[in-house]
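Student: Questions regarding the structure given below will be posed in turn.
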Amino acid sequence: MTTSHVRSLYRTCLRQVNKLPHVYVRHFFRLKFADDFRAIYGHSNNVSLTKRKLKRVEKTLRKIQGAHAGHVKAFAHVLDMAYGRKGKLRWELMEPLVLEPNIGALHQPFQNPIYSLELKALLTTPYSRTTKPLNPEALVNPPKLPARADPSSEEARLLGRLSRRREMNLRWRYFTQEWKKVRPPVELAVPVDSSMKLSDEVGTLQHKFPLNDVGILDHILELVGSPARPLTRRERKGVEEDSTTVTRARHPSRWLRRRYLSLLGRIPVITLQNYRRGHTGYHVSLSPIAISPSLHGTHGRLAEVDADVAPWLKGFEDVEK
C-alpha cells in the first residue's frame with residue numbers, strides 16, 4: 001500500500017471522526033487514529049505487520065461509518081471502544097485493579113492471586129459482569145479446584161494432596177478468566193462528605209481510576225438529560241401545562257439518547273462506603289436512568305402514583321385483605 005493511500009485513509013478517518021456526536025468520543029478517536037497511523041509509519045519496513053495494522057484501522061473506520069448510518073450494533077461498538085468497554089482502554093482501566101496488587105505475587109513462586117477490594121466488589125455484583133456474579137466463596141476456593149487442594153479432605157488423605165504448582169495454576173487461571181468478564185468503572189464515586197473528599201487516602205484510591213477527573217458520567221448525563229425515567233402520558237401533559245417547569249437541555253435525537261442510556265447500563269458505578277482509616281468498602285450499582293436488564297422493575301423505573309391512581313390502588317389492597 002502506497003504512502004499516498006495511507007495518508008488518504010488517515011484523512012478519511014478524521015473526516016468520519018469529526019461527524020461523531022460527542023466531544024469526548026471525537027477526541028478519543030482522533031488520538032486513537034493518530035497512534036495507529038504513527039505505528040503504521042513506524043513499521044513501514046514490515047509489510048505483513050503494516051497490512052495487519054491497516055486492516056484493523058479499516059475495520060474501526062467501517063464501524064464508525066456504520067454508526068453514522070444508524071446501525072445500533074456499530075454505534076454500540078464505537079461507544080464501547082471510546083468508554084473502555086473493549087479494546088486497549090479497557091485494559092488500562094482494569095490494570096490498576098488487577099495487575100498492581102499482584103506485582104509482588106508475580107515474582108514469587110506459588111503465590112495466590114490477590115483480589116483487590118475493588119475487584120472483589122466488581123466480581124460479586126451483576127451490574128459489572130458480562131455473566132452471572134460470583135459467590136464470594138468462589139474467590140477463596142474456585143469451583144474447579146479439586147477437593148484434594150484441602151489437606152484435611154478425605155480425597156487428600158486417600159490420594160495425597162494436590163501438587164502446589166497445579167493448585168496455583170488453577171487459581172491463577174480462574175482469576176484471569178473471571179476478571180476478564182468484568183466491565184471496568186470509569187471513576188470512583190465518593191459520598192457527599194467534605195472530610196472524606198479531602199482525605200489523602202481517598203485521593204490515593206481515586207488515582208486507581210485513570211479517568212476519574214475527566215467527568216465522563218457527568219458528560220453522558222448532560223447529553224441524555226432528564227428525567228430519571230420516561231414520563232407517562234399524563235405526566236408529560238402536566239409538564240406541558242406547567243409553564244414554570246424548567247426542562248434540562250439534552251441532545252435532540254431520541255435514538256442517540258437511547259444509545260447512551262444503553263451505554264450507562266454497561267458502565268458500573270463504584271461508590272466508596274464504610275470508609276474508615278485502614279478499612280474501605282465499595283458498593284457497585286448502575287445509573288438509575290440506564291437501560292439495562294438488571295434495572296427492570298426497580299424503583300427508579302416505575303411511575304409515581306398520582307392522585308387519580310391512588311384510590312384505585314387502595315381499593316385493590318382492601319380486596320386482597
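The values are calculated or read from the model by the stated rules, or taken from the named source; none is laboratory data. Nothing here was measured: the structure is a model prediction, and the numbers come from that model. Note: ideal-geometry Cβ built from the backbone for every residue, glycine included; neighbour counts use all protein chains shown. Heads up: the accessible areas ignore ligands, DNA and RNA and are worked out on the full protein's heavy atoms, side chains in. Shrake-Rupley method; radii C 1.70, N 1.55, O 1.52, S 1.80 Å.
Student: If the label point is 7 Å along Cα→Cβ of Ala156, which residues in region 171-193 have backbone nitrogen under 16 Å from it?
Tutor: 171
Student: Apply the a/c threshold of 1.5 to the C-alpha gyration tensor of region 15-73 and tell me whether it is rounded, prolate or oblate.
Tutor: Oblate, because a/c is 1.5 or more while a/b does not exceed b/c.
Student: For Thr60, tell me the accessible area in Å² from a 1.4 Å probe, rounded to the nearest 10.
Tutor: 10 Å²
Student: Calculate the spin-label point distance for Lys51 paired with Arg164, positioning each point 7 Å from the Cα along the beta-carbon direction, and give it in nanometres.
Tutor: Label at Arg164, label at Lys51, 4.9 nm between them.
Student: Let me ask something else. Using the structure shown, list the pairs from Lys120/Lys208; Lys19/Lys53; Lys120/Lys144; Lys19/Lys63; Lys32/Lys132 with a Cα-Cα distance above 21 Å, or answer none.
Tutor: Long pairs (Cα-Cα over 21 Å): Lys19/Lys53; Lys32/Lys132.
Student: Percent relative contact order of region 19-150, based on C-alpha pairs within less than 8 angstrom and at least six residues apart?
Tutor: Relative contact order, region 19-150: 11 percent.
Student: Please give the contour-minus-distance gain from Asp35 to Asn141: 0.36 nm per residue of separation, less the Cα-Cα distance, rounded to one decimal in nm.
Tutor: That pair, Asp35 and Asn141, stretches by 34.0 nm at full extension.
Student: Round to a whole number: what % of the accessible area of region 43-147 belongs to carbon and sulfur, probe 1.4 Å?
Tutor: Ligands and nucleic acids excluded, carbon and sulfur give 56 percent.
Student: How long, wide and thick is region 106-169, going by the Cα atoms along their three principal axes, in whole angstroms, largest first?
Tutor: Here the Cα extents, ordered largest to smallest, are 42, 29, 16 Å.
Student: Quick one: grab Rg to one decimal and Dmax as a whole number for region 35-133, Cα atoms only, in Å.
Tutor: Every Cα atom of region 35-133 included, Rg and Dmax give 18.4, 53 Å.
Student: Here's something else I'd like to know. Pulled fully out, how much extra length does the chain show between Thr12 and Lys120, if you take 0.36 nm times their separation in residues and subtract their Cα-Cα distance?
Tutor: So the extension gain works out to 34.6 nm.
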